[in-house]
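Peer 1: Pasting a structure here, questions to come.
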Amino acid sequence: MSEKIILTGDRPTGRLHIGHYVGSLRRRVELQNEGDFKKMFVFIADAQALTDNIDNPEKVRQNVIEVALDYLSAGLDPEKVTLFIQSQIPELCELTFYFMDMVSVSRLQRNPTVKTEIQMRGFAGESIPVGFFTYPISQAADITAFKATTIPAGEDQKPMIEQATEIVRRFNNIYGPTLVEPQIMLPSNAVCCRLPGIDGKAKMSKSLGNCIYLSDTAKELKKKVNAMFTDPEHIHIEQPGHLEGNTVFTYLDAFATDEDFGLFLPEYACLDELKAHYTKGGLGDGTCKKLLLNILNARLEPMRQRRAEWQKDIPAVYEILRKGTEDARNVAAETLSEVRRAMKINYFEDADLIAEQAKRFAAL
Ligand code: TRP
């Protein structure tokens, strides 16, 4: 059996969308089903979500259950994966506090993801909340408290994993080998790292209103696919179309398989054939959108059905999270007692220390 410990999480600031799905969720379900790991954790990073939503607790609270439903409907199985809520594990705060002594302000300022996020949120100068500024440190605690080896995540999480790795090295150098260096597991298909919104804008984001949610109904999905950005210069069918920046083709890159063509558009064997026809001219956007709609429905329909089932038993969903959190907390508590021992702050369980001090003072 593999020694891998897989861990990843999401901030509950909105429902999960198909960008999350191709970027990470789909891979998590595959990993879960391959079963090649010692333990797998997927968690809801509510404390991290609060770092820049402190005045909006209701939003975070509502989205905890939305994200849990998204996990279960995407196919995560609580029998195989430990699902938990970050804020309910106080050991994570404790570890964060010790890690804070190992990271400089300038190192945090150089974290490219934090840099962009600070700009995006428009925090001026030094008005950034300290908790937001330091969330990469807390994220390092999320990872190391479980001795995670493998983090399935998108490109934007790379700086976080690098920072966590540095902290682990620093810790182990000072206190002896205790923590484990994590590795990021990126999506294999580059287009899956950053799926654009339906308007062709850089990234799917709730505030831009350009997301396709896993929980969208068939009707909502159809409306969104029909409204998708394609090639503005492709006005007549016979004109050659462009693939670059054409959101329909970007999504097809992320979702379509050869089997999908057999099922939904047997005139073409694969996506390359469809692309060739499109760029040559004579293929309309409508046909491509219809294909995409069929493919997305095929992926989302089983999720809609699972979601409908779980929605009938919300107390059971909270119970899954409660049990998962309890399991996860036991693991984190074990790591923290190793950490305290390594850092020599385990006073009350260190009999040698007490004897040593007694002897020292007796000799005075
Ligand atoms: N930062 C991640 C996000 O924005 C969420 C997250 C928190 C996370 N802690 C983590 C992801 C640890 C992987 C590992 O989605």
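Nothing in this text is a laboratory measurement; each read-out follows from the coordinates by a stated rule. Given the structure is predicted, the values throughout are model-derived calculations rather than measurements. Note that we place each Cβ from the backbone using ideal geometry, even for glycine, and neighbour counts take in every protein chain shown.
Peer 1: Between helix 90-99 and the chain, what is the angle of the helix's C-alpha long axis to the longest principal axis, kept within 0 to 90° and rounded to the nearest 10?
Peer 2: 80
Peer 1: Sticking with this structure for a sec: Can you figure out the FRET efficiency of Leu243 with Lys203, using R₀ = 30 Å and their beta-carbon distance, to the nearest 0.05?
Peer 2: 0.95
Peer 1: Note the direction-averaged projected area, equal to a quarter of the hull surface, for the Cα convex hull of the chain, in nm².
Peer 2: 22.8
Peer 1: Choose one answer from Ala140, Ala342, Ala351: the residue with the largest mean-square fluctuation in a GNM of the chain with alpha-carbon springs under 10 Å.
Peer 2: It is Ala351.
Peer 1: Among the aspartates and glutamates, which have Cα under 15 Å from the Cα of Lys219 when same-chain residues fewer than 8 positions away are ignored?
Peer 2: Qualifying aspartates and glutamates at Cα under 15 Å: Glu301.
Peer 1: Kindly express, to the nearest 10 degrees and within the range 0 to 90, the angle between helix 112-121's C-alpha long axis and the longest C-alpha principal axis of the chain.
Peer 2: The angle comes out near 70 degrees.
Peer 1: Over the range 119-202, what per residue volume does the convex hull of the Cα atoms give, in whole Å³?
Peer 2: Values: hull volume 10.1 nm³, N = 84.
Roughly 120 Å³ of hull volume per residue.
Peer 1: Add +1 for every Lys or Arg and -1 for every Asp or Glu among the other residues with Cβ under 14 Å from the Cβ of Gln88, and state the total.
Peer 2: Local net charge: -3.
Peer 1: If you average the C-alpha positions of the range 283-330 and of the range 177-213 separately, how far apart do those two centres end up, in angstrom?
Peer 2: Result: 18 Å between the Cα centres.
Peer 1: While we're looking at this one, here's another question. Give Lys59/Lys80; Lys223/Lys323; Lys203/Lys289 a once-over and call out the pairs whose C-alpha atoms are over 31 Å from each other.
Peer 2: Working: Lys59/Lys80 29 Å; Lys223/Lys323 39 Å; Lys203/Lys289 20 Å.
Checking Cα-Cα distances, Lys223/Lys323 exceed 31 Å.
Peer 1: Grab the alpha carbons of the range 218-309, take their convex hull, and tell me the volume per residue in Å³.
Peer 2: Considering the Cα atoms of the range 218-309, their hull volume per residue is 90 Å³.
Peer 1: Between Asn189 and Ile235, take the C-beta separation as r, use R0 = 30 Å, and let me know the FRET efficiency to the nearest 0.05.
Peer 2: 0.45
Peer 1: Using a Cα-Cα cut-off of under 30 Å, which lysines could be cross-linked to Lys344, ignoring same-chain neighbours fewer than 8 residues away?
Peer 2: Lys4, Lys38, Lys39, Lys147, Lys359
Peer 1: Taking K and R as +1 and D and E as -1, what net charge do the other residues with C-beta under 13 Å from the C-beta of Ile167 add up to?
Peer 2: -2
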